[in-house]
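Below: one structure, written as structure tokens.
The values are calculated or read from the model by the stated rules, or taken from the named source; none is laboratory data. On a predicted model such as this, the values are computed, not experimentally measured, just so you know. Backbone-built Cβ (ideal geometry, glycine too); neighbour counts: all protein chains shown.
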Amino acid sequence: MKKTILTILILAAVVTSCKKELNVENPNSPTVQSASTESGVISLAQGGVYQDGFRELKYGDGVFGLFWSGAMGFHSMMGDEVGAEAANAYINQIGCPDYVILDNGNKVVNPNAPAKQHDFLRAVNLNGNQGQNPTYYEWAYMYNLINACNNILDIANKTTFTGNAGAKKATLQAWAYWWKGFAYAHIGSIYYAGLIVNTPGATNGNYVTKEAIITESNANLDKAATTLSGITDAATYSAVLGKLIPDFCQVGHGGVLSTSQWVKNINTLKARNILVNTPVAKMTTAQWTSILSLTNAGIGQSDLVFTGRSNATSDFLDPTSGTVSAKTTAPSAGANTYKLSERWVQDFKAGDKRLANVALTKTWIGNSDRGNIFNTRYTLVDAGTAANFPSGVIQFSNRNVGGYELFLAGSYEENELMKAEAKLYLGDIPGALTSIDNVRDYEGSGLAHVSGTTNDITVAKEELRRERRIGLAFRGLSFYDARRWGVINDVSAGGGRTNAVVIDNSATLNTKATINYNFLDYWDVPDNELAYNPPASGSAPTKNPN
């Protein structure tokens, strides 16, 4: 079968810092046979996810970084949480709108005009650009992860386990199905088409629609849930899962999930699959009902979830550069890779204690040939070193080792806000507002409750919009929201943002600006893949017609 540069996994990656090293005679040359031991397949399962899925690629860049700072940073830029001036992989253009109309009526166009983001992404989506192709990264990471999971499933079937072999094998299978579901969710939520691959180290040319990819995501999540429901030996299960999740990630909201907690995480991710891939204007009552059902059975306040942390040797995340928020934290505005968006800060409500995460500094003005809305007065505060950071308030950035808690998949806040949105569109405005209050209380906002203050759906929608922007910041969800709410659409089609705060290139503060983002909703399949793996006859289109 065909292999591409994106799906070939170095078998049995070793995460040495996690103290669960691969048990092989020559650790520098792991083989299928050496991984086919109990300790070997567990090491493979951990390294395949945390290393191959989120760190190891053929190409890379030290400016935007790895998956959680780079690929997810691209989402944050298109979701207008952050901006960028650096041109590595053209990141300064990823979040650059078509134009902004300032308070005085002046229209400031994209420096690359007349090319729009659609045209720009296609112009640079070339295999010859190698790692400078921004559409390459998420695809490559996620197919690395899928291939790792295929290896786990294959080798687990060939491994002889001690003790309760059934429980150990089932735990590894649930792990692999969960992360495959996660990876397909990412592919289907950003690319116009994808590949369904179930054979280790191989691929195929049968490209399918993004909808089929989401279906495959849900199928794997369902397999994980079914497998978990069949595990009755809790002690053996917990022992294996405790070896799969790095020790330094087993703190805070992260840890060894019970099987029931894991199923709740699955339900939350399935609800996300529906929500983020359907424009609000096209959502049906049946879909809202499904989301409400899934979130009612989703992550609760006390449930453990999948999180990431840094450690002293930066084996998974670097504390100062491994996440979007870390790369947006600096003593002054504009002094780090990502520049904190004025529109994101604008979405805080007055009196929100979470504003302790934001510092007002001297206005930063970037190069006018790099963007038109990225100038900013703000930067994220390092809560790990900040004096008198308020107790009980969520920390959007903490650059101490192990200080920042990164949510890898779902969270209580996301689940509760999806529940709120479903309630809102199903006619339960008081219930929706209560869920919004729950999240604000959970994150220590100190805001007065809005439940019971209005039955106006327009007011309730605005409360929800602002809370998703703030409460779920830097979790890779902002672009999905902007897309499904129509914000990224051309102004002529009802998109864009009005009454926006923008600092223009003369450092003038505008508070009534209009921004026309006009971004591509789903990316074309990367040419890095197509150049080596062209579509087979009957494949779905790999280029978005928009």
For the range 164-212, enumerate the residues that are assigned to a loop (DSSP other than H, G, I, E, B) and within 20 Å of the chain's Cα centre (by Cα). S189, I190, Y192
Please name all residue pairs, on different chains or six or more residues apart, with Cβ atoms under 6 Å, provided the first residue is in the range 483-509 and is touching a residue at least 24 places away in the same chain (Cβ under 8 Å) and the second residue is acidic (D, E) and surrounded by 14 or more Cβ atoms within 10 Å (Cβ to Cβ). R483/D521; V501/E342
Only one residue in N375, N415 is touching a Gly at 6+ places or on another chain (Cβ under 7 Å), closer than 30 Å to V100 by Cα, modelled with pLDDT of 95 or more and not basic (K, R). Which one? N375
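Residues are listed down the side, and each one gets a yes or a no for (1) buried (at least 20 other Cβ atoms within 10 Å of the Cβ); (2) at pLDDT below 95; (3) under 21 Å from the mean Cα position of the chain (by Cα); (4) not aromatic (F, W, Y):
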| residue | (1), (2), (3), (4) |
| --- | --- |
| A87 | no, yes, no, yes |
| V100 | yes, no, no, yes |
| G105 | no, no, no, yes |
| N112 | no, yes, no, yes |
| F120 | no, yes, no, no |
| L126 | no, no, no, yes |
For the range 517-531, indicate whether the set of residues that are of a type in the set (S, T, N, Q), part of a strand (DSSP E or B) and at pLDDT 95 or above is non-empty. no
Subset tally (residues that are out of contact with any helix residue (DSSP H, G or I) (no Cβ under 7 Å at 6 or more places or on another chain) and touching a residue at least 60 places away in the same chain (Cβ under 8 Å)) for the range 74-95: 2
When you scan the range 238-253, do you find a residue that is touching a residue at least 40 places away in the same chain (Cβ under 8 Å) and of a type in the set (S, T, Y), even just one? no
When the range 317-339 is examined, which residues are found to be basic (K, R) and in a strand (DSSP E or B)? K339
Please specify each residue of the range 134-149 satisfying the condition of being in contact with a helix residue (DSSP H, G or I) (Cβ under 6 Å, 6 or more places away or on another chain) and either of a type in the set (A, V, I, L, M) or outside any helix (DSSP H, G or I) (or both). P134, M142, L145, I146, A148
Out of (1) within 30 Å of A176 (Cβ to Cβ); (2) at pLDDT below 95; (3) hydroxyl-bearing (S, T, Y), the odd one out for Y137 is which? (2)
So I152 clears everything in (1) assigned to a loop (DSSP other than H, G, I, E, B); (2) crowded, with 24+ Cβ neighbours inside 10 Å except one condition, right? Which one? (1)
Only listed residue being more than 25 Å from the chain's Cα centre (by Cα), modelled with pLDDT of 95 or more and of a type in the set (D, E), chosen from D222, D233: D233
Can you say whether N544 is assigned to a loop (DSSP other than H, G, I, E, B), crowded, with 20+ Cβ neighbours inside 10 Å, of a type outside the set (A, V, I, L, M) and at pLDDT 95 or above, as far as the supplied structure shows? no
Of all residues in the range 271-286, how many are assigned to a helix (DSSP H, G or I), in contact with a Gly (Cβ under 8 Å, 6 or more places away or on another chain) and surrounded by fewer than 20 Cβ atoms within 10 Å (Cβ to Cβ)? 2
Just one of T307, T289, T295, T268 is at pLDDT 95 or above and exposed (fewer than 15 other Cβ atoms within 10 Å of the Cβ); which is it? T289
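A quick yes/no check of all residues on (1) farther than 21 Å from L257 by Cα; (2) without any contact (Cβ under 8 Å) to a residue 60 or more places away in the chain; (3) out of contact with any strand residue (DSSP E or B) (no Cβ under 9 Å at 6 or more places or on another chain):
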site	(1), (2), (3)
I155	yes, no, yes
T160	yes, no, yes
N164	no, no, yes
A167	no, no, yes
Q173	no, yes, yes
A176	no, no, yes
Y184	yes, yes, no
G188	yes, no, no
Of all residues making up the range 92-107, the number that are of a type in the set (D, E) and closer than 30 Å to V63 by Cα: 1
Considering (1) small (G, A, S); (2) free of Cβ contacts under 8 Å to residues at least 60 places away in the same chain; (3) under 19 Å from F54 (Cβ atoms); (4) out of contact with any Phe, Trp or Tyr (no Cβ under 7 Å at 6 or more places or on another chain), say which one A219 fails and leave the rest. (3)
In the range 34-64, which residues are modelled with pLDDT under 95, closer than 30 Å to Q117 by Cα and small (G, A, S)? G60, G62
Is it true that A89 is among the small types (G, A, S), on the phi > 0 side of the Ramachandran plot and not in a loop (DSSP other than H, G, I, E, B)? yes
Looking only at the range 293-322, how many residues end up being among the hydroxyl-bearing types (S, T, Y) and within 16 Å of Q46 (Cα to Cα)? 3
Within the range 340-354, residues part of a loop (DSSP other than H, G, I, E, B) and within 17 Å of R497 (Cα to Cα) come out as S341, D347, F348
Sole miss for N220 among (1) surrounded by fewer than 20 Cβ atoms within 10 Å (Cβ to Cβ); (2) out of contact with any Ser or Thr (no Cβ under 9 Å at 6 or more places or on another chain); (3) among the polar types (S, T, N, Q) is condition (1)
Can you name every residue in the range 155-172 that is surrounded by 23 or more Cβ atoms within 10 Å (Cβ to Cβ), farther than 20 Å from A202 by Cβ and of a type outside the set (V, I, T)? K168, A170, L172
